[in-house]
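Asker: Supplied in structure tokens, the structure appears directly below.
The values are calculated or read from the model by the stated rules, or taken from the named source; none is laboratory data. In this text the structure is predicted, and so the values were computed from the model without any measurement. Cβ placement follows ideal geometry from the backbone for every residue including glycine, while neighbour counts extend to all protein chains displayed.
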Amino acid sequence: MDYQKILDTIYEEMSYRDVKGKVASYIPELAKVDRRKFGMHVYCGDQQHFCFGDSDEKFSIQSISKVFTLAMAMRIMGEHLWDRVSVEPSGDPFNSLTQLEYEHGIPRNPFINAGALVISDILVDQLDDPKKELLEFVRKITGDNSIDYDESVAKSEKATGYRNIALVNYIKALGNIKCDVEPIVDFYFYQCSLAMSCQQLSKAFMIFANRGKILDSGEKILKPKTVKRINALMQTCGFYDEAGEFSFQVGLPGKSGVGGGIVAIHPANYSVAVWSPILNEKGNSELGMKALERFTTLTGVSVF
């Protein structure tokens, strides 16, 4: 497969001028990002990698981080995790409160904000220093100690994150939050502020394409059963209320973030990350969705 030729074709065909969405503005720091940015990186199972554009520039990965925190929580809780968060698509916006009352404080899945906040509660409760341990986890699976939090984004999240604070309080009132609210939202805002490039993200997500093993060393970090569950959740819930559309158009398990990043994997084959900060009305990268649809069309490779 000539991945570089395929990526070059996508880069030639597509531009930020072809999409009509907007850069996220509800987090002020994200509104400052240049809407013209566009990068893509493919990391293969044989450790070859291919790229174009702004693939080495770091950006705020936002909700993509929820895959990392879910993996950490599953290592701690195992199957007991599903007593506190469900595994169903939500069908509602990622920051919705409406389902919680009817479902007794059990979020629909770990990738909507309510679910990710329950995961944050678990990590705050179980780990001595969750922010430090999340960084260590991501650095370990990438072999890259330069990965860090973007303090300016974390500060911006804290200044505007009233809805997430409301979510934690609401879930706590319904009995599914154990810790104090402040350390939970502090950890959550920091996890969303993780700054990574497409190159770093594609390498990080090889852990989910390689049955839980770090590609470089072969070290087993996650159980194959855990990876199976995470990949299934990415397939069904990784794009909020546009998960069905992503499966239909792209055909890969993946996760998006409002920073404009999308990562997707093909088990045992590759991981691919794309970044374009212009979002569609569902909160997913408009150009990123188009680029990944084109990628699986041109390669002829998806999970279906």
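Asker: Any idea how many residues of the stretch 13-32 are surrounded by fewer than 18 Cβ atoms within 10 Å (Cβ to Cβ) and in contact with a Phe, Trp or Tyr (Cβ under 9 Å, 6 or more places away or on another chain)?
Answerer: Result for the stretch 13-32: 2.
Asker: Next up: Please work out which residue is surrounded by the most Cβ atoms within 10 Å (Cβ to Cβ), limiting yourself to the stretch 195-237 and to residues that are small (G, A, S) and touching a helix residue (DSSP H, G or I) at 6+ places or on another chain (Cβ under 7 Å).
Answerer: A204
Asker: Right, next: Among G78, G39, which is of a type outside the set (A, V, I, L, M) and crowded, with 23+ Cβ neighbours inside 10 Å?
Answerer: G39
Asker: To continue, here is another question. Which condition does Y240 not pass, out of (1) buried (at least 19 other Cβ atoms within 10 Å of the Cβ); (2) modelled with pLDDT of 95 or more; (3) of a type outside the set (D, E, K, R); (4) within 20 Å of S90 (Cβ to Cβ), if it passes all the others?
Answerer: The failed condition is (2).
Asker: Report every pair of residues separated by at least 6 positions or lying on different chains whose Cβ atoms are under 9 Å apart, first residue within the stretch 1-26 and farther than 20 Å from G257 by Cα, second assigned to a helix (DSSP H, G or I) and among the β-branched types (V, I, T).
Answerer: Close Cβ pairs satisfying both conditions: M1/T299; Y3/T299; I6/T299.
Asker: Can you tell me which residue in the stretch 116-160 is surrounded by the most Cβ atoms within 10 Å (Cβ to Cβ), limited to those that are of a type in the set (S, T, N, Q) and closer than 18 Å to S63 by Cβ?
Answerer: Per the criteria, the residue is S120.
Asker: May I pose another question? Residue by residue through the stretch 89-103, note down the ones that are modelled with pLDDT of 80 or more and within 16 Å of the chain's Cα centre (by Cα).
Answerer: Matches in the stretch 89-103: P89 only.
Asker: In the set D56, D46, which member is of a type outside the set (F, W, Y), at negative phi and modelled with pLDDT under 95?
Answerer: Of the residues listed, the single one that is of a type outside the set (F, W, Y), at negative phi and modelled with pLDDT under 95 is D46.
Asker: Moving on. Could you check the stretch 1-12 and list, in sequence order, the residues that are closer than 22 Å to D46 by Cβ and either loosely packed, with under 12 Cβ neighbours inside 10 Å or touching a Gly at 6+ places or on another chain (Cβ under 6 Å) (or both)?
Answerer: D2, K5
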